Amino acid sequence: MTEVAILGAGAAGLLCAIRAAERGRRVLLLEKNRKPGVKVLMSGGTRCNITHEGSADEMLRAFPRKAARFLRPSFLAFTPARAIDFFTEHGVPVKVEPPHGKVFPRSDRATDVLRALLDAAREKKVELRCESPVARVERAANGFSVALESGEALAAGRVVVATGGASYPKVGTTGDGYAIARSFGHTVSVPRPALVPLVLREPLEECSGISLVDARVGLARAGEKILAERRGELLFTHKGLSGPAALDLSGELTARTSGALREETGREDGSFEVALDLLPLVSHERLQGDLAPRERSRRTVSTSLHALELPRNLARALLRRAGVPEERSLAELRREERTSLVRALKDLRLAVSGTLGFDKAEVTAGGVSLDAIDPRTLESKLVPGIFFIGEVLDVDGPIGGYNFQIAWSTGHAAGSAV
């Protein structure tokens, strides 16, 4: 019989195993894949955004109130600074990337992050078994029985569910922990993709590959005011929009349009569109002035847009949408054309058809309800001895290392309690 069985050798499961073994617990770490930490290796474009610079309280301000309140005990116990110290002490020096404060390994290699976790687990005598998918978990006389899909049954005093969510199902995160949670009476909010590229009904295909360092992306019901917005880098793709600003906004869209809403309320929330401010540092008034007619001036509208540092193909696409000929001079630009062009630059409305779904989602929103989980220990309030950590929980954060911090902090909290 093992003292602690941890289901899932991802970020949360590995940190939990290290912490539990550090306290002298006999730990068995079960991983369904052939190798551990597959999603760690994929994260951040294979660079792994370990955490975000700042204090625990500063990070918590990025979460909704309920999530922040739940995460606060674990974030204060294992802060972003402690996460940085952990990896530095295990041979992974880090760097902070301005202006957003994302923390990456100095090497820009996610492999170094996973290596550090695996080395620490081996040093603490954690037993890792790969290709060991779990079929179910049941209560037993002295704890729990963990049944593997192979038919083998393992006895464990305590069980930690760190199976992840439903994002990137090709790497094994297929929502296995939800059935386990439900079997013990826990409520599971319908999972939905988050931090996922947006799909537009009519994408600006000629702009595919163009990125803007600073843009404002808003979400609105068709023809109505903006409901939510994010600001940051934006990438145009052949299907729609990606980059941090669009990814961060995607959870707002899936919260209103996914099967989760239909299942929970029996309705959908209408058609949506994104509102793009492609020049957030330039006011409407300044744009009107920059594009105002100038007598005897041969300066073209295209030249004016180039001066605003808009990529050429994007400027051409906007001119077409505004109905302005590319070589129109400012002296010839009509008032209605100028108004239309300013609108295209500051409030470009594009209909959204959805997202790329779980296959391309970096994280999962929804999951095991927080109400029946002790935020200090991550132990079930319904069934003592079983714990839920990381992405399997109904909590997710913005892009920028926040979700890895959830994994480290909740994993450390459970590892300190099992």
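The values are calculated or read from the model by the stated rules, or taken from the named source; none is laboratory data. Just so it is clear, the structure is predicted and the values come from calculations on it, not from any experiment. Counting neighbours? That spans all protein chains shown, and the Cβs are built from the backbone with ideal geometry, glycine included. With ligands, DNA and RNA removed, areas are computed over all heavy atoms of the protein, side chains included. Shrake-Rupley method; radii C 1.70, N 1.55, O 1.52, S 1.80 Å.
Whole-percent P(r), region 286-418, all Cα pairs, 10 Å bins from 0: 11, 27, 13, 12, 14, 14, 7, 1, 0.
Placing unit charges on the Cβ atoms of the charged side chains and taking the dipole of the chain about its Cα centre, the candidate lying farthest along the positive direction among Gly185, Ala361, Val274 is Val274.
With a Förster radius of 35 Å applied to the beta-carbon distance between Glu309 and Lys66, the computed FRET efficiency rounds to 0.30. For a modelled paramagnetic label at Asp119, 7 Å from Cα along Cα-to-Cβ, the residues of region 83-111 in reach, with backbone nitrogen under 20 Å, are 83-96, 104-111. Every helix of 4 or more DSSP H residues in the chain counts as -39500 (n - 2.57), and over all residues that averages to -10500 deg cm²/dmol at 222 nm.
Per residue, the chain exposes an accessible area of 45 Å² to a 1.4 Å probe, with every protein chain left in place. What's the angle, to the nearest 10 degrees (0 to 90), between helix 402-417's Cα axis and the longest principal axis of the chain? For helix 402-417, the angle is close to 10 degrees.
Here the accessible area of region 75-231 is 48 percent carbon and sulfur, with a 1.4 angstrom probe and all protein chains present. Distance between the 7 Å Cα→Cβ label points at Arg34 and Asp108: 2.9 nm. Nonpolar atom fraction for region 306-418, defined as the carbon and sulfur part of the 1.4 Å probe accessible area, stands at 44 percent.
In a simple Cβ point-charge model (Lys, Arg +1; Asp, Glu -1; nothing else charged), region 1-104 has a dipole of about 420 debye relative to its Cα centre.
Length gained on full extension, Arg139 to Arg26, computed as 0.36 nm times the residue gap minus the Cα-Cα distance: 38.8 nm. What does the charge add up to near Leu227, with Lys and Arg as +1, Asp and Glu as -1, over the other residues with Cβ less than 9 Å from its Cβ? So the surrounding residues net to 0.
Remark: the chain carries a charge dipole of roughly 260 debye about the Cα centre, counting +1 on each Lys and Arg Cβ and -1 on each Asp and Glu Cβ. Using only Cα atoms, find the angle between the long axis of helix 80-89 and the longest principal axis of the chain, and express it within 0 to 90 degrees, rounded to the nearest 10. Tilt relative to the chain: about 70 degrees.
Here the simple spin-label model places points 7 Å from the Cα toward Cβ, and for Glu58 and Glu202 these points are separated by 4.4 nm. For region 64-167, the residue among Pro93, Ala68, Gly157 whose Cα projects farthest onto the positive side of the dipole built from Cβ charges is Ala68.
Going by the alpha-carbon gyration tensor, a ≥ b ≥ c the square roots of its eigenvalues, is region 54-117 rounded (a/c under 1.5) or, if a/c is not under 1.5, prolate (a/b greater than b/c) versus oblate? Cα axes put region 54-117 in the prolate bin.
Our estimate of slack between Ala372 and Thr187, defined as 0.36 nm per intervening residue step minus the Cα-Cα distance, is 65.8 nm.
When peptides 227-233, 308-314, 279-285, 78-84 are ranked by their average number of other Cβ atoms within 10 Å per residue, the highest-first order is 78-84, 227-233, 308-314, 279-285. Which Cα, out of Ala141, His306, Asn403, lies furthest along the positive dipole direction of the chain (beta carbon charges, K/R +1, D/E -1)? Result: His306, furthest along the dipole toward the positive end. Placing pseudo-labels 7 Å out from each Cα toward the beta carbon at Arg343 and His90 gives an inter-label distance of 5.5 nm. Helix 244-257 and the longest principal axis of the Cα set of the chain meet at an angle near 80°.
Matching the structure-derived Cα Rg over 2.2 N^0.38 Å against the labelled list (i) 2.30; (ii) 1.12; (iii) 1.01 gives the label (ii).
Take the Cα of Leu382, go 7 Å toward its beta carbon, and the backbone nitrogen atoms of region 100-139 under 19 Å from that spot belong to 135-139.
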